[in-house]
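Reviewing the structure listed below.
The values are calculated or read from the model by the stated rules, or taken from the named source; none is laboratory data. Bear in mind that the values here come from a model prediction, so they are computed numbers and not experimental data. In this analysis, Cβ positions are derived from the backbone assuming ideal geometry, glycine residues included, and neighbour counts consider all displayed protein chains.
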Amino acid sequence: MGIFDRFKNRHAQDKARNMSDAAEQKVNEKTGNKYESQTDDAQQRMERELGMDRDRPDRP
């Protein structure tokens, strides 16, 4: 894998994280933050399944 492939992959992950955050914010906005903890848990599980765990540092 070349250096440009790493940048492309990192950009895709950043974009996916931004979209995930936007979706979570929209759900919380629509529900008046009534289900905030459930949406946060769902977001974390989804990101973990996709290999985008925020608690784990990115590989170089």
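Specify the residue that is modelled with the highest pLDDT; the eligible residues are those in region 39-60 that are in a helix (DSSP H, G or I) and loosely packed, with under 12 Cβ neighbours inside 10 Å.
Out of the qualifying residues, it is D41.
Can N33 be described as outside any helix (DSSP H, G or I), surrounded by 10 or more Cβ atoms within 10 Å (Cβ to Cβ) and at pLDDT 90 or above?
yes
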